[in-house]
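The values are calculated or read from the model by the stated rules, or taken from the named source; none is laboratory data. Everything quoted here is computed from the prediction, not taken from an experiment. Please note: Cβ atoms are built from the backbone with ideal geometry, for glycine as well, and neighbour counts cover all protein chains shown. Ligands, DNA and RNA are excluded from the accessible area calculation, which covers all protein heavy atoms including side chains. Shrake-Rupley method; radii C 1.70, N 1.55, O 1.52, S 1.80 Å.
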Amino acid sequence: MEKRNVKRFAAIGMLSALSYAMMLLNFPLPPFPKYLQVDFSDIPALIAAIVMGPMAGVAVELVKNVLDMITTGSETGVPVGHFANFVAGVVFILPVYAIYIRLKNKKGMAIALIAGTVTMALVMSVMNYFILLPLYVMFMNFPALSGPEALELVVTAIFPFNVVKGLMITALFMLVFAKIQDWLLKQQRAFKKA
């Protein structure tokens, strides 16, 4: 039991460090506001979830964001962006895990990643409208948005951005998955035995 925990913690630590490093390589997409950044740091969390279960993926998302908050800080003084990144990552990887665990093949993974993308886009749209945009107004002195203005921002920027981001992660992960699918299944069995 103790050996299993050490192995699990070490794997989560390594995947968290990789995820954090990938988070630092973020970039904006030209048609969207500059504060919406794409990174591929959800891929190590997705690997953790597939191999060790959903809580391992959530742990990688959490550690990644805590590391980033400690090292880069927050423009608001409150980790609003880190909280948003954590939620976006979790609502992306959990549906992917739930579907893939039932359909363990490439087609199943593609379906799972599309479901994760749609879930992330919808949840982040609602969350931005009701929680995140008001927090940015409060902590960063953004101009207050009326209901219709906030809705327009969500519909024209937040939702499409998250769809594009999810599709970019999907495309990259499918390329990686094609190469490591057998290894992932082997690691999954090894973690269940240990």
Tilt relative to the chain, helix 42-52 - C-alpha long axis, 0 to 90 degrees, to 10:
30
Can you give me the angle between helix 159-193 and the longest principal axis of the chain, using Cα atoms only, in degrees from 0 to 90, rounded to the nearest 10?
20
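Would you mind working out the magnitude of the charge dipole of the chain relative to its Cα centre, with +1 at each Lys and Arg C-beta and -1 at each Asp and Glu C-beta, to the nearest 20 Debye? Intermediate values should be presented prior to the final figure.
Values: 16 positive and 9 negative charges, 266 e Å.
Here the size comes out at about 1280 debye.
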Helix 80-100 against the longest principal axis of the chain: what's the angle in degrees, Cα atoms only, rounded to the nearest 10?
40
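Largest first, how would Glu152, Glu2, Glu61 line up by accessible area (1.4 Å probe)?
Details: Glu152 115, Glu2 145, Glu61 0 Å².
Of Glu152, Glu2, Glu61, the descending order of accessible area is Glu2, Glu152, Glu61.
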Would you mind checking Lys106/Lys186; Lys106/Lys193; Lys165/Lys186; Lys64/Lys165; Lys104/Lys192; Lys106/Lys179 for any pair whose Cα atoms are more than 21 angstrom apart?
Lys106/Lys193; Lys165/Lys186
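Checking the a/c ratio against 1.5 first, then a/b against b/c, what shape does the Cα gyration tensor give for segment 36-194? Please list the in-between numbers first.
Numbers: a/c = 2.76, a/b = 1.75, b/c = 1.58.
Note, shape of segment 36-194 comes out prolate.
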